[in-house]
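Have a look at the structure below before the remarks.
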Amino acid sequence: MPIRLLLLTAALMLPLGLPAGASADGYVPDEVIVRYEDGTSTGVAQSVADEAGTEAFQALPGGSEQLEIEDGDSVRETIAELRADPNVAYAVPNWRARAAADPNDPGFRLQWNLFSDYGINVVEAWSLAAGLGAPGGSGAVVAVLDSGVAYQRYGRYRRAPDLRRWTFVRPYDFIGRDRHPNDVFGHGTHVAGTIAQTTNNRIGTAGIAYNAKIMPLRVLDANGEGDSAAIARAIRYAARYRADVINLSLEFPAEVRSAEIPDVMSALRYAHRRGVVVVAAAGNQADIAVAYPARALSVIAVGATTVTGCQADYSNAGEDLDLVAPGGGADAPNTDSAWDVAHCTPDSLGKSIVQQTFTRGVRRFGLPRTYEGTSMASPHVAAIAALVIATGRLGPNPSPSDVEAHLEATARPTDRPDRYGAGLVDAAAALR
């Protein structure tokens, strides 16, 4: 069955007081940090904490304590009670830290999809991932089933300058039947870059899960076409070799039903049983139905949004859509929902998704501004899933269903789930 390519150091603020109007988004809502005066006994400290309706949670280096608020009072009220006691040297909120600067990759300024109002909020996510012990998704493996990746120097091929050679594991070409899945089309390199392009190295662009490993599996040829047999083999290969996430930025024709791709459906079920999160592009026909393989129940189907947070004019939709992520392009001409009326400008050309990939031939790389599609949206979700898994945010071995439910619960919803699924995926919210 033919397949078509889907193209179209943290600044910590510690104020002496809690500012009027301070938002709970800026600090942990149910905690305070307290330090008692030198010489305060353990019994007295316990009494002070009890009277303030708090309970000691954890001691901090230097002598202060992290307290949990147990009586339902606000952080402001609890701090006022603690400061009124002469045994308290100071009481402050447990402020959240955020990254103080953007990465120095020269192309980052073009990556609205990562940091703008309707991007995925990745800068805060990077800080959170580092705080959870997995900076950039270190430890996660994402299999990219695509046109290959510019991942090695081999014959006429060259590795993309912004992809580190140690990023890649278990490569295989299911078209050439060898271990050299080098990209000749550019699409797979772009997708892999969204997931794990080297970040803060003064080259190219940034990647979302920049320390994750990529398993490059070539299933699409130089024309961006592949077949169900190669895709089914590659899915099973990725699951067998312990990929945490599989990204499928590809679609079958709209008329294809699950009964016509039984080997792919069986492979997807196999991956699900093995605990692999599978993410796929919803399709680019502006259809009211999601295309396969994204339509499968065990797959997270991802639609595309634009720089204004609107459905892209090419993006498929419907009841099988699970999430949306930036895919670029123009806004769809929707006028029948409050969200679309408030945010969308269909006459605007929109912006593309920028990553380092080929510009001409397999030796020339740049930052082309021509990529848009649900192909570009899907790797955003795959990379965030990798961050969630690597950080242990859901425990040591979360199931694919747990990861999907968490990404949906932390997404930014709209009033049209048929167009946006559970909403726009939010990397920082998924790690908080």
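The values are calculated or read from the model by the stated rules, or taken from the named source; none is laboratory data. What you see is a predicted model; the values in this text were computed from it and never measured. Positions of Cβ are generated from backbone atoms using ideal geometry, with glycine treated the same way; all protein chains shown enter the neighbour counts. Note: accessible area is taken over every heavy atom of the protein model, side chains too, but ligands, DNA and RNA are not part of it. Shrake-Rupley method; radii C 1.70, N 1.55, O 1.52, S 1.80 Å.
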Query raised in the report: Restricting to the chain, what percent of DSSP beta bridges are antiparallel, rounded to 5?
Result: 50
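For region 134-220, what is the percent of antiparallel DSSP beta bridges, rounded to the nearest 5?
On the way: 2 of 11 bridges.
Within region 134-220, antiparallel bridges account for around 20 percent of the total.
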Query raised in the report: Can you run phi through the Karplus equation (6.51, -1.76, 1.60; θ = phi - 60°) for region 125-135 and list ³J(HN,Hα) in whole Hz, with x for Gly and Pro?
Result: 4, 4, 5, 5, 4, 5, x, 8, x, 9, x
Requested in this report: Work out the length of the dipole vector of region 193-236 about its Cα centre, built from +1 on the beta-carbon of each Lys and Arg and -1 on the beta-carbon of each Asp and Glu, and round it to the nearest 20 debye.
Outcome: 260
Query raised in the report: Which whole-Hz couplings ³J(HN,Hα) result when phi for each residue of region 315-325 is put into the Karplus expression 6.51 cos²θ - 1.76 cosθ + 1.60, θ = phi - 60°, listed in order with x for Gly and Pro?
Result: 6, 5, 9, x, 5, 8, 6, 9, 8, 10, 8
Query raised in the report: When the accessible area of region 315-432 is computed with all protein chains present and a 1.4 Å probe, what percentage of it is carbon and sulfur?
Result: 50
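Rank by packing, highest mean first: peptides 69-75, 395-401, 225-231, 105-111, with packing defined as the count of other Cβ atoms within 10 Å averaged across residues.
Details: 69-75: 15.3, 395-401: 13.1, 225-231: 20.0, 105-111: 18.0.
Ranking, from highest mean packing down: 225-231, 105-111, 69-75, 395-401.
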Query - Matching label, percent of Cα pairs over 38 Å apart computed from the structure shown, candidates (i) 33; (ii) 47; (iii) 27 - result: (iii)
Query raised in the report: Given H placed on each backbone N at 1.01 Å, which residues far from Val141 in sequence or on other chains put an amide H within less than 5 Å of it?
Result: Lys213, Asp244, Val245
Query raised in the report: Using a 1.4 Å probe, how large is the accessible area of Tyr270, given in Å² and rounded to the nearest 10?
Result: 40
**Report entry** Solvent exposure, largest accessible area first (probe 1.4 Å, DNA, RNA and ligands not counted), of Lys351, Lys213
**Finding:** Lys351, Lys213
Report summary line: For the chain, whose charge dipole is built from +1 on Lys and Arg Cβ atoms and -1 on Asp and Glu Cβ atoms, the candidate among Pro333, Asn223, Val142 with its Cα farthest towards the positive end is Asn223
Requested in this report: Quick one: which residues, 5 or more positions from Tyr314 or on another chain, have an amide H under 5 Å from its amide H? H modelled 1.01 Å from N in the peptide plane, none for Pro or chain starts.
Outcome: none
Query raised in the report: For the chain, with the dipole built from +1 on Lys and Arg beta-carbon atoms and -1 on Asp and Glu ones, taken about the Cα centre, which of Trp112, Ala192, Ala429 lies farthest toward the positive end?
Result: Ala192
Report task. Place a +1 charge on the Cβ of each Lys and Arg in the chain and a -1 charge on the Cβ of each Asp and Glu, then give the dipole magnitude about the Cα centre in debye, rounded to the nearest 20. Result -> 3040
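Can you tell me the order of 141-148, 413-420 when each peptide is scored by its average per-residue count of other Cβ atoms within 10 angstrom, highest first?
Working: 141-148: 30.0, 413-420: 17.9.
Ranking the peptides 141-148, 413-420 by packing returns 141-148, 413-420.
What value, in deg cm²/dmol to 500, does the helix sum -39500 (n - 2.57) over DSSP H runs of n ≥ 4 give at 222 nm once divided by the residues of the chain? Please report the intermediate quantities before stating the final value.
Details: 12 runs with 111 residues, N = 432.
Value at 222 nm, helices only, nearest 500: -7500 deg cm²/dmol.
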Query raised in the report: What order do you get for 340-350, 116-126 when each peptide is scored by the mean count of other beta carbon atoms within 10 Å, highest first?
Result: 116-126, 340-350
Report summary line: With a Förster distance of 25 angstrom and the Cβ-Cβ distance between Ser399 and Asp178, calculated FRET efficiency to the nearest 0.05 equals 0.15
Query - With DNA, RNA and ligands ignored, accessible area of Tyr157 (1.4 Å probe; Å², nearest 10) - result: 50
Report summary line: Taking R0 as 60 Å and r as the Cβ-Cβ distance between Ser116 and Ser41, the FRET efficiency 1/(1 + (r/R0)^6), rounded to the nearest 0.05, comes to 0.70
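Which percent, nearest 5, of DSSP beta bridges in region 204-360 are antiparallel? Kindly include the intermediate steps, with their values, before the conclusion.
Details: 3 of 15 bridges.
Approximately 20 percent, going by the DSSP bridge assignments.
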Query raised in the report: Whole-Hz Karplus ³J(HN,Hα) for region 407-418, in order, using 6.51 cos²θ - 1.76 cosθ + 1.60 and θ = phi - 60°, x for Gly and Pro?
Result: 5, 5, 5, 9, 6, 8, x, 10, 8, 9, x, 5
Report task. Figure the gain on full extension for Thr359 and Ala338 (residue separation times 0.36 nm, minus the Cα-Cα span) and round it to one decimal in nm. Result -> 3.6 nm
